[in-house]
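Here's the structure, in structure tokens; my notes come after.
The values are calculated or read from the model by the stated rules, or taken from the named source; none is laboratory data. Source: prediction; values computed, not measured. Methodologically, a virtual Cβ is constructed for each residue, glycine included, from the backbone with ideal geometry; neighbour enumeration extends over all protein chains shown. Side chains included, ligands, DNA and RNA excluded: accessible areas come from the protein's heavy atoms. Shrake-Rupley method; radii C 1.70, N 1.55, O 1.52, S 1.80 Å.
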Amino acid sequence: MSDTSLIFTDCVASSLAGIIEKEKPKGIFIIADSNTSPLIARPLMDNCQALDSARLITVDAGDENKNIDALASIWSRLSAEGATRHSMVVNIGGGMVTDMGGFAAATFKRGVRCVNIPTTLLGAVDAALGGKTAVNFAGLKNEIGVFANPLAVIVNARFFATLPAAELLSGYAELLKHALLEGADALAEALDFDLSNPDYDRLQQLLERSIKVKQRIVAEDPHEHGIRKALNLGHTAAHAFESLAMEKDSPVPHGHAVAWGLVVDLVLSRMLKGLDTQILHAVASYVDTHYPSPSALCSDYDRLLQLMRHDKKNITADSINFTLLQAAGSPVIDCEVAPADITAAIDICRDLLHA
């Protein structure tokens, strides 16, 4: 991610105007969803002279709308309204918008510059940076996509003050993941944050530290051939929980599934890598206190295993691959785990989280 400018600011309009002045794009296209468009995108356009001639492309909100049809509608608007390789796309929204808008920008005319302005904590800490862009396909999350770094990511934690509690929790799970990857001090600091009464100045500080963990790992391994797989901590189980919930027409927020997935992975880390029990119980207690219980039942275990076999991290079609921890700050990638151990870990996770 060395070619991505990371900007933390309370003045998004002036930061974006500075980027536009430097880049001098031939046409600016703003992509936002139906929630973010009236609340953030249009006011930003009204208060940023550099966006006077920008075109707004609004997509339906919700991860279920991050699909090929919605992607094609973005391509159609870009084509019909004269976008070229010298244009710029500005994605304003959560991970759904930066994932799909980033993919649209990366593939239109073989690549258009884009800037991400995340408006959710989850989008800021995870989806907006790192260069992963994608849409869902055939019931599977992020099945079609490319690696394409944004030109810049502009972060302002004040956007998160209006988020529903469930959305704040969703993003905080990714911050917990980064803290587990960084080390004991970062984890203690993250577990000490009061999610029920957030201090947004402190959250901005935690967020900057968290994003820089991802920035460092991605810069070392931009295409996920090695250490970047550490960022998948919690995600093998999380994506299966998410896909199962979608099949049941009861979708769960991504970060809630990540919180459950982290506990599953820490249980496996205790079982297989000797992780300190205190870390497992501290994180499980935090998740149990702040997040809803997992919705999966014992009868769902076979389906969860099937969904995990579809995960892009797997080395073979029959393997199920995890990132685990030996200690806080010491991830172990490419851990192939037996199905019996996975179901045992899900059982223990459900007990710890009172499911």
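Here are a few things to note about the model shown:
- Glu23, Glu174, ranked by accessible area, largest first (probe 1.4 Å): Glu23, Glu174
- Angle between the chain longest axis and helix 165-182 axis [Cα atoms, degrees, rounded to 10]: 70 degrees
- Prolate/oblate/rounded call for the stretch 198-355, Cα gyration tensor, a/c under 1.5 rounded: rounded
- The Kirkwood radius of the chain, taken over pairs of alpha-carbon atoms, gives through the Stokes-Einstein law at 37 °C and 0.692 mPa s a diffusion coefficient of 160 µm² s⁻¹.
- Under 5 Å from the amide H of Ile30 lie the amide H atoms of Arg55, Leu56, Ile57, Val90, each residue being 5 or more positions distant or on a separate chain, with H modelled from the backbone and absent for Pro and chain starts.
- Degrees, to the nearest 10: 200-220 long Cα axis against longest axis of the chain: 80 degrees
- Rounded to the nearest 10 degrees, the inclination of helix 68-80 to the longest alpha-carbon principal axis of the chain is 20 degrees.
- Averaging the Cα positions of each part gives two centres, and for the stretch 250-319 and the stretch 54-77 these lie 31 Å apart.
- Beta bridges per DSSP with both ends in the chain, % antiparallel, nearest 5: 30 percent
- With every protein chain in place, the chain: carbon and sulfur % of accessible area (1.4 Å): 50 percent
- In the stretch 60-149, inverting the average of 1/r over every pair of distinct C-alpha atoms gives 12.8 Å as the Kirkwood radius.
- Given charges at beta-carbon only (K, R positive; D, E negative), |dipole| of the stretch 182-267 in Debye: 240 debye
- Per residue, in Å², the accessible surface of the chain once ligands and nucleic acids are set aside, probe 1.4 Å: 41 Å²
- Entries in Lys66/Lys273; Lys22/Lys132; Lys212/Lys248 that, when Cα-Cα distance is taken, lie over 31 Å: Lys66/Lys273; Lys212/Lys248
- Normalised contact order of the stretch 212-355, rounded percent, pairs of Cα under 8 Å and 6 or more residues apart: 28 percent
- Protection-proxy order for peptides 75-82, 102-109, 145-152, each taking the mean of Cβ atoms within 10 Å per residue, highest first: 102-109, 145-152, 75-82
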